[in-house]
Amino acid sequence: MSLATALLAAGISITPLASGTARAAELAGNPCPTAESMYCTRLFLDGGVALGVDTGRDTVNQVMLTPLGSGPNRAWRLTPNWDDGTFRIQNVSLGKCLKTREPSSVLAPVQLESCGSGGAEDWYVHPTSTGFMIRNKWQSPCLSPERADLTPGRPARLVTCDGSEAQSWEVPFGHDPSRPPVRGPRELALTYATKICQKYKNECSWDMESESPSDMLPESCVSDAWFNDNDHPDGMTHTFSVLRTNGWSHELGSEVELGLETGALSSLIAKVTVKVKFSFKKVWSGSEAVGNQVTAKIRPKEYGWVTLSRAATRITGTWTFSANHLPWSARDTIAMPMTSAANGRPTLYTVHSSPNPPICT
C-alpha cells in the first residue's frame, strides 16, 4: 500500500478524530479565481462563520468572523512548508499575511501585515474532535474569536489552546495540481508532530499492539528500465544504479517515510524497536543491505531492470503526540526491515530481462 493512499485507507485514526473537512469543502465552493487556486480556501468554524477581514474600519484591516456567504476578503491562500509541517496564511484579496506581535499575552491580536518570514506568521494544525486548532508556531497559542463568541463581527485573537468549538477550524486545503489530493491538514499535522517528537522525545510516545513474523514484502522496482537496442546474440552488459533504501515504511504519511528513509527520524525508529521482540537481532541497523549498483547482461531487444524483494516484520501500534498537553493519536503499521525472513529467504536484488517494459509498483 502506498503511503499516500494509506492515509485514506487507514483514515489516520486520530483521537480525538478530526472530521468535517468534506462539509467545509462543500461550503467553500470555489472562493478563488483560477489563477489563485493553489491551496486557496476558506477557514470555517462549526458555528457557521468563517475567517475574514473588515477593511472598513479606518485604515486597519480587522481580522474577524464573517458569515459563510460570499463576500470580499474571505479567501485565504495556505502555503505549507512540508519540511517542518508549518504553513503561512495569506489573504488572497489583500495579499497580506496573518501574523501576531504579542504571542505570549492573553487575547493577543492577530493582524494582516506584509508577508516576510519568522515564527510570527508560521502556523501549524493540531487535531481536535471536530477539526483542527490553528496554532502559531511562536509559543503555540490558538487562533480563536474573542471570548469564544461565534457571532459574526467578533475579532480574531490568539488565546490559550483548549480544543473547544471556538478553536476547531475546518481547514480544507484547496487543490494543488502538483500534489496528490490526500495531502492536507491531517498529513501536515503529522509532519509537524513527528518533527517535534524527533526534537523533544517527551512530546510523543509509541504503544505497540502487535508484530508479525518476518516475511517477504512484495517485490518492487528499484532501478530505471534500460533497453538493449543492440543485436549482438550474447546481449550487452549494463550497470544499473539501484535506489538506496533501508526498507522502513510507515502508513502515517509520505513526509514521515521520507524522514525514515534518510535516517532523519532515528528517535522515532528507536521508540519502535525498543519494544520489538521477534527476531530483534535480525533487524537492519544500517541504511542499506547491499551496494547501490548492480551489473548484469541484458538480452538483445529487451528491457532490463532491477527489483528488490526484502524481508520485514509488520509492527502495528499507536503514536500519541503532544503527550503532555492536549494529546492526540494516530494508528500506524510499520514495515521493519529484517536481514532474512522466517523461512530463511534473504533480502534479494534481482535483475529482469523481458521484451516488454516493466510495470512497477
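Does GLY153 satisfy the criteria of being open to solvent by less than 60 Å² (accessible area, probe 1.4 Å) and within 24 Å of the chain's Cα centre (by Cα)?
On the way: open to solvent by less than 60 Å² (accessible area, probe 1.4 Å): yes; within 24 Å of the chain's Cα centre (by Cα): no.
Considered against the rule, which asks whether it is open to solvent by less than 60 Å² (accessible area, probe 1.4 Å) and within 24 Å of the chain's Cα centre (by Cα), GLY153 comes out as no.
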### Summary
Here the qualifying pairs (Cβ atoms under 7 Å; residues six or more apart or on different chains; first in segment 334-361 and under 16 Å from LEU243 (Cα atoms) and touching a residue at least 12 places away in the same chain (Cβ under 8 Å); second of a type in the set (Lys, Arg) and assigned to a strand (DSSP E or B)) come out as none
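Every residue in segment 311-335 that is touching a helix residue (DSSP H, G or I) at 6+ places or on another chain (Cβ under 7 Å) and of a type in the set (A, V, I, L, M), please. First the steps, then the outcome.
Within segment 311-335, the subset touching a helix residue (DSSP H, G or I) at 6+ places or on another chain (Cβ under 7 Å) is 315, 321-324, 330-331, 334.
Answer for segment 311-335, where residues must be touching a helix residue (DSSP H, G or I) at 6+ places or on another chain (Cβ under 7 Å) and of a type in the set (A, V, I, L, M): ILE315, ALA323, ALA330, ILE334.
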#### Entry: Failed criterion for ASN30 (all others in (1) open to solvent by 50 Å² or more (accessible area, probe 1.4 Å); (2) modelled with pLDDT of 90 or more hold)
(2)
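For (1) at pLDDT 85 or above; (2) among the aliphatic types (A, V, I, L, M), each residue gets a yes or a no:
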{"residue": "GLY174", "(1), (2)": "no, no"}
{"residue": "PRO181", "(1), (2)": "no, no"}
{"residue": "MET236", "(1), (2)": "yes, yes"}
{"residue": "LEU243", "(1), (2)": "no, yes"}
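Select from segment 123-139 the residues that are surrounded by fewer than 20 Cβ atoms within 10 Å (Cβ to Cβ) and under 23 Å from TRP82 (Cα atoms) and list them in ascending order.
Of all residues in segment 123-139, those surrounded by fewer than 20 Cβ atoms within 10 Å (Cβ to Cβ) come to 129-130, 137, 139.
Within segment 123-139, LYS137, GLN139 qualify.
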#### Entry: Neighbours by Cβ (under 9 Å, 6+ apart or cross-chain): first from segment 72-94, acidic (Asp, Glu); second open to solvent by less than 10 Å² (accessible area, probe 1.4 Å)
ASP83/THR191; ASP84/THR191
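Listed here are the residues, each with its yes/no results for (1) assigned to a strand (DSSP E or B); (2) open to solvent by less than 30 Å² (accessible area, probe 1.4 Å); (3) closer than 22 Å to TYR349 by Cα.
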{"site": "TRP206", "(1), (2), (3)": "yes, yes, no"}
{"site": "ASN230", "(1), (2), (3)": "no, no, no"}
{"site": "PRO233", "(1), (2), (3)": "no, no, no"}
{"site": "THR239", "(1), (2), (3)": "yes, no, yes"}
### Task
Show the residue pairs that are 6+ apart or on different chains and have beta-carbon atoms under 7 Å apart, the first residue being within segment 39-50 and more than 18 Å from ARG77 (Cα to Cα), the second being open to solvent by less than 10 Å² (accessible area, probe 1.4 Å) and small (Gly, Ala, Ser).
ASP46/SER168
### Query
Quick one: PHE278 ticks every box in (1) at pLDDT 75 or above; (2) hydrophobic (A, V, I, L, M, F, W, C); (3) surrounded by fewer than 16 Cβ atoms within 10 Å (Cβ to Cβ); (4) in a loop (DSSP other than H, G, I, E, B) bar one, so which box is it?
(1)
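The values are calculated or read from the model by the stated rules, or taken from the named source; none is laboratory data. Because the structure is a prediction, the values reported are computed rather than measured. Quick reminder, even Gly has a Cβ in these numbers, built from the backbone with ideal geometry, and neighbours come from all protein chains shown. In case anyone asks, the SASA skips ligands and DNA or RNA and just uses the protein heavy atoms, side chains included. Shrake-Rupley method; radii C 1.70, N 1.55, O 1.52, S 1.80 Å.
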